[in-house]
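Novice: Take this structure first; my questions come after.
The values are calculated or read from the model by the stated rules, or taken from the named source; none is laboratory data. Predicted model only: the values in this text are computed from it and were never measured. Don't worry about glycine lacking a Cβ; one is built from the backbone with ideal geometry, like all the others, and counts go over all protein chains shown.
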Amino acid sequence: MATGTLNKVMLIGHTGDEVKMHYFDDNNCLGRFPVATNEEYVNKNTNERVSNTEWHNVVVRNKAAEICEKYLRKGDKVYIEGRIKTRKWTDDKGNDRYSTEIHCTEFTFLTPKDKSGQGNPQPPAEAKPQAKASKQVAEPDENQDDDLPF
């Protein structure tokens, strides 16, 4: 990471479609799905409630993609954490095209399993696509006698 910069996104929204999977020759895969976030406010001039929806293209990789494909359904509420990445490509007419995506590094399913999709069982609520080293701290034993002089 470059000094003094940060590229981090946190979203809570609803999925707009099922996860679309793409498989590659080297046993890797990629999942893509849209997430909608909503903003609501009251217009001070008209006293009218205004609602805006922003759509985000989410990309998950490998095992995380398979978990999302298995358990996420259209309309489910999900927490997504990741980074923004813009792709550039040339369309069939020779024009440069751009797509901004959220490359997911962590996610949590927020829809209760009895309200999700067609009643599919849900995995543990939190999943982390990239393994991170975690430190475990031993809990103190309350029944243990202290030999401390104070």
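Novice: Can you pull out every residue in the stretch 70-81 that is farther than 14 Å from Cys104 by Cα and out of contact with any Ser or Thr (no Cβ under 7 Å at 6 or more places or on another chain)?
Specialist: Lys70, Tyr71
Novice: With the stretch 1-56 as the region, which strands (runs of 3 or more DSSP E) entirely inside it contain at least 1 residues that are touching a residue at least 12 places away in the same chain (Cβ under 8 Å) and among the aromatic types (Phe, Trp, Tyr)?
Specialist: Answer list for the stretch 1-56: 29-42.
Novice: I would also like to ask the following. Given (1) surrounded by 10 or more Cβ atoms within 10 Å (Cβ to Cβ); (2) more than 13 Å from the chain's Cα centre (by Cα); (3) of a type in the set (D, E, K, R), identify the lone condition not met by Arg61.
Specialist: Answer for Arg61: the failing condition is (2).
Matching residues to (1) modelled with pLDDT of 60 or more; (2) part of a helix (DSSP H, G or I); (3) surrounded by 10 or more Cβ atoms within 10 Å (Cβ to Cβ):
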position: Ala65; (1), (2), (3): yes, yes, yes
position: Glu81; (1), (2), (3): yes, no, yes
position: Lys85; (1), (2), (3): yes, no, yes
position: His103; (1), (2), (3): yes, no, yes
position: Thr108; (1), (2), (3): yes, no, yes
position: Pro121; (1), (2), (3): no, no, no
position: Ala131; (1), (2), (3): no, no, no
position: Asp141; (1), (2), (3): no, no, no
position: Asp147; (1), (2), (3): no, no, no
